[in-house]
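Engineer: Can you keep this structure in mind? I'll have questions shortly.
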Amino acid sequence: MLVPRRGRGWLRSVGTAMAGQSILIIGAGIGGLSTACYAQMNGYRARILEMHAAPGGVCTAWTQSGYTFDGCIHNLAGSSPASPFHRIWQDLGIVPARRMHAYDEIVRVEHAEGGEPLTVYTDLDRLSDHLKHLAPADADVIDELIGAARQFARFDLLGLAASTSWERLKALAALPLLVKYGRVTLEQYATRFSDPFLRHAFPTIVYDWPKQSMLVLLAFLAGMHRGDLGWPVGGSAAFARAIESRLLQLGGEVQYGARVQSILVEDDRAVGVRLTDGTEQRADITISNAYGPSTIFGMLGGRYTTRAIRSYYGEPEDRIEMGIHVSLGVARDMSREPHAIVLPLKQPVTIARELRARLYVEPFAFDASMAPPGKSALKVVMATSYRYWHELARQPERYAREKQQIAETIIDLLDRRFPGFKGQIEVVDVATPVTTERFTGNGHGFKSPFSRMALGLFTGRRLSQTLPGLGNFYMVGQWAGMPGVSLVAAMGRDVVRSICRADGKAFVAW
Ligand SMILES: Cc1cc2nc3c(=O)[nH]c(=O)nc-3n(C[C@H](O)[C@H](O)[C@H](O)COP(=O)(O)OP(=O)(O)OC[C@H]3O[C@@H](n4cnc5c(N)ncnc54)[C@H](O)[C@@H]3O)c2cc1C
């Protein structure tokens, strides 16, 4: 077998059987599950080693007293049959197993003084009318915004990751738009509105993330206008379970409670793994879906790196968007509420040492499967500092007290907006970046340089799916490319395609 040896030609692996080669995959995140499914489809024997007790990694949810609290998917690229990702979801057993819900709105931003809210409709005509109704004096800026979204709707920027090279080439026509909007954040763009409410509300319309690039907003507006970026009914855990079922049907295996400590290497070839219980498992090919730095510097001891890799996988960011999840089970029917609300606070409050002027509230009542009949699961998410929680977690009592304090503050604030809410609370759950780290092994934060990410969509090149000098080894998932369940699933498919190519056989998907 031939495997790429970055910058140094190819590395020959001798003595491996071509047919039915074994592949060990570290991690049952969506990237790992997808890799295993496509490996099985192509005649390889895939086995996943997952340290946790369930599939999905960060694509997860937890249930309590009949409520399902979702920790991940808001918008799924490929929920619409028109998206190139849809085919991947068919291959992986998501379609038709999981029904898709298309949103009518992206978010509703309420008015602090009780005026008419900003509703970001997914239908661009309706959105244009609504924006002009709210801010007639800003018609020019609104026309430009809607026009840009329509232009984006012709390209499906995210879908490029699942497209052919020819489609990527055609999409180069979008390059001027990328250049124009790539460096503008939502809060910068908002200064162009003269209407005070729009200036204030606009920066919050993508998950209340004002420093988000306008490209992301335009990709969202375009995708949702086409009926894509919807919600898989049942949520993230059911989504991951559906792929796991497909894998088992295909004859693949998942071993839970199996934490990999190191990757075994002989003659610069990965030959398997050693688990923390001391046992070893061998395979022809080893693929890591785990946190990049722990794969490269932990499991491989930092032996296969370059300066670029060390810098790329260097110190993770401290600030975690959506780092705090306050999940509430409430005996109240919220099915008439929007699925995402930006709630301005009359008086800013301090939560986790930061002054907050608004809450990002997500009632999941649009999906009846998320709560018992007549009740609703709801989540409030907010950005936070990893270091703050990391320090606090050293003192379990203070950590628990802070989580409880946050929940009480949020419940009081929601009670003002939804009278009677406090008395209807049945379940409270608070997750922090430390929770995510503990359950998925992901370090406290990471931000891929956006320009490289965007360029990768056109060139099809990812950051580092192989490591220099190490044969029979690949990496899949958000650390080796871009975050997003669709993108990591596409990466799993592509890594198997590369393995097939190296083995001189045609790649199949079915
Ligand atoms: C709050 C939030 C919201 C999001 N919203 C969306 C959204 O709306 N749409 C979207 O497309 N994407 C969304 N994403 C991003 C998306 O969920 C992730 O990019 C994607 O799921 C990452 O998958 P992965 O396979 O790369 O890695 P992970 O999910 O991190 O999986 C890695 C797996 O490896 C396992 N593992 C780690 N170390 C070891 C070890 N030593 N031994 C064995 N197993 C190990 C972990 O337990 C885990 O199961 C969101 C993410 C978050 C956190």
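The values are calculated or read from the model by the stated rules, or taken from the named source; none is laboratory data. All of these numbers come straight from a predicted model, not from anything done at the bench. Please note: Cβ atoms are built from the backbone with ideal geometry, for glycine as well, and neighbour counts cover all protein chains shown. Ligands, DNA and RNA are stripped out before the accessible areas are found, and what is left, the full protein with its side chains, is counted by its heavy atoms. Shrake-Rupley method; radii C 1.70, N 1.55, O 1.52, S 1.80 Å.
Engineer: Does PHE202 fit the bill of being crowded, with 23+ Cβ neighbours inside 10 Å and either over 18 Å from the mean Cα position of the chain (by Cα) or of a type in the set (D, E, K, R) (or both)?
Structural biologist: yes
Engineer: All but one of (1) under 30 Å from ILE205 (Cα atoms); (2) open to solvent by 30 Å² or more (accessible area, probe 1.4 Å); (3) modelled with pLDDT of 95 or more hold for GLU315; state the number of the condition that does not hold.
Structural biologist: Answer for GLU315: the failing condition is (3).
Engineer: Give me the pairs, please: first residue somewhere in the range 57-73 and part of a loop (DSSP other than H, G, I, E, B), second residue anywhere and more than 15 Å from the ligand (Cβ to nearest atom) and among the hydrophobic types (A, V, I, L, M, F, W, C), beta-carbon distance under 6 Å, and either six or more positions apart or on two chains.
Structural biologist: Final answer for the pair search is SER65/VAL427.
Engineer: Determine, yes or no, whether SER369 is away from the ligand (no atom under 16 Å from the Cβ), closer than 22 Å to ILE73 by Cβ and open to solvent by 30 Å² or more (accessible area, probe 1.4 Å).
Structural biologist: So SER369 passes the test.
Engineer: For the range 410-434, enumerate the residues that are open to solvent by 30 Å² or more (accessible area, probe 1.4 Å) and under 26 Å from LYS346 (Cα atoms).
Structural biologist: Result: ASP412, ASP415, ARG416, ARG417, PRO419, GLY420, LYS422, GLY423, GLN424, ILE425, VAL428, ASP429.
Engineer: Follow-up question, since we're still on this one. Considering only the range 153-264, give the helices (runs of 4 or more DSSP H) lying wholly within it that have at least 1 residues that are among the acidic types (Asp, Glu).
Structural biologist: 165-170, 186-190, 235-249
Engineer: Report yes if some residue within the range 86-108 is within 16 Å of the ligand (Cβ to nearest atom), of a type in the set (Lys, Arg) and either touching a Phe, Trp or Tyr at 6+ places or on another chain (Cβ under 7 Å) or at pLDDT below 95 (or both); otherwise report no.
Structural biologist: yes
Engineer: Could you please let me know if GLU253 is open to solvent by less than 30 Å² (accessible area, probe 1.4 Å) and among the acidic types (Asp, Glu)?
Structural biologist: Spelling it out, it is not the case that GLU253 is open to solvent by less than 30 Å² (accessible area, probe 1.4 Å) and among the acidic types (Asp, Glu).
Engineer: Mind listing just one residue for me: the one in the range 22-43 that is farther than 17 Å from ILE263 by Cβ and surrounded by fewer than 24 Cβ atoms within 10 Å (Cβ to Cβ) and, of those, farthest from the ligand (Cβ to nearest atom)?
Structural biologist: Here the residue is GLY43.
Engineer: Please determine, by comparing only the residues of the range 46-85 that are buried (at least 23 other Cβ atoms within 10 Å of the Cβ) and farther than 30 Å from ASP429 by Cβ, which one is farthest from the ligand (Cβ to nearest atom).
Structural biologist: Among those residues, the one meeting the criterion is ALA46.
Engineer: Is it the case, given these coordinates, that LEU359 is over 28 Å from GLN405 (Cα atoms) and open to solvent by less than 20 Å² (accessible area, probe 1.4 Å)?
Structural biologist: Taking the combined requirement at face value, the residue does not satisfy it.
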